[in-house]
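Since the structure comes first, as structure tokens, the remarks are kept for the end.
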Amino acid sequence: MSRGLQQVRWLGRMQVINKRPLTFLDCAHNEEGIENLVENLKLLYPCRKLVFVVSILRDKNFHQMITEMGGIAKRIYIAKNTSDRAADPHQQADIVHSSGINCSVCSSVINAYRQAVADSFDDDVIVVTGSIYTVSEVLREN
């Protein structure tokens, strides 16, 4: 059993897809998942600037999820993923703007990801999160 667990790969859970800037995929898709992700990022990268690429489904408490990320974010890129249940990115951006965090609304998750990479420095940390759909779109691209 121990050998088997050592070989498990869980795609989309703190999965590193790039080293510079360090880029993670994490399919946290609810309040508890985002809270855990944020706590882990604070522990692992207390002195690094965090950049989020986010698309959340409209049936989730995206207000709370974005507020949680905003507590540690340098910048948040928001887009609408390809799910029929995706939340309006402008509604999400309004929440980010009200917390005083820099925010960009992008035409797609892939464009948001590419813009985040282009705007980031090598020592920043990019986190793609908010939905399994969001993570899968970036995962397919890499």
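The values are calculated or read from the model by the stated rules, or taken from the named source; none is laboratory data. Please read these numbers as outputs of a predicted model, since none were measured by experiment. Using ideal geometry, Cβ is built from the backbone for each residue, glycine included, and neighbour counts are taken over all protein chains shown.
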From the list 78, 110, which one is modelled with pLDDT of 95 or more and crowded, with 20+ Cβ neighbours inside 10 Å? 78
Against the definition (at pLDDT 95 or above and closer than 21 Å to residue 14 by Cα), how does residue 105 come out, yes or no? no
Members of region 87-117 found to be under 18 Å from residue 62 (Cα atoms), among the aliphatic types (A, V, I, L, M) and either touching a residue at least 24 places away in the same chain (Cβ under 8 Å) or assigned to a loop (DSSP other than H, G, I, E, B) (or both), listed by number: 87, 95, 96, 101, 105, 109, 112
Out of region 72-86, which residues are closer than 15 Å to residue 125 by Cβ and in a loop (DSSP other than H, G, I, E, B)? 72
Take region 118-138 and flag every residue that is touching a residue at least 60 places away in the same chain (Cβ under 8 Å), in a helix (DSSP H, G or I), of a type in the set (A, V, I, L, M, F, W, C) and farther than 14 Å from residue 79 by Cβ. 132
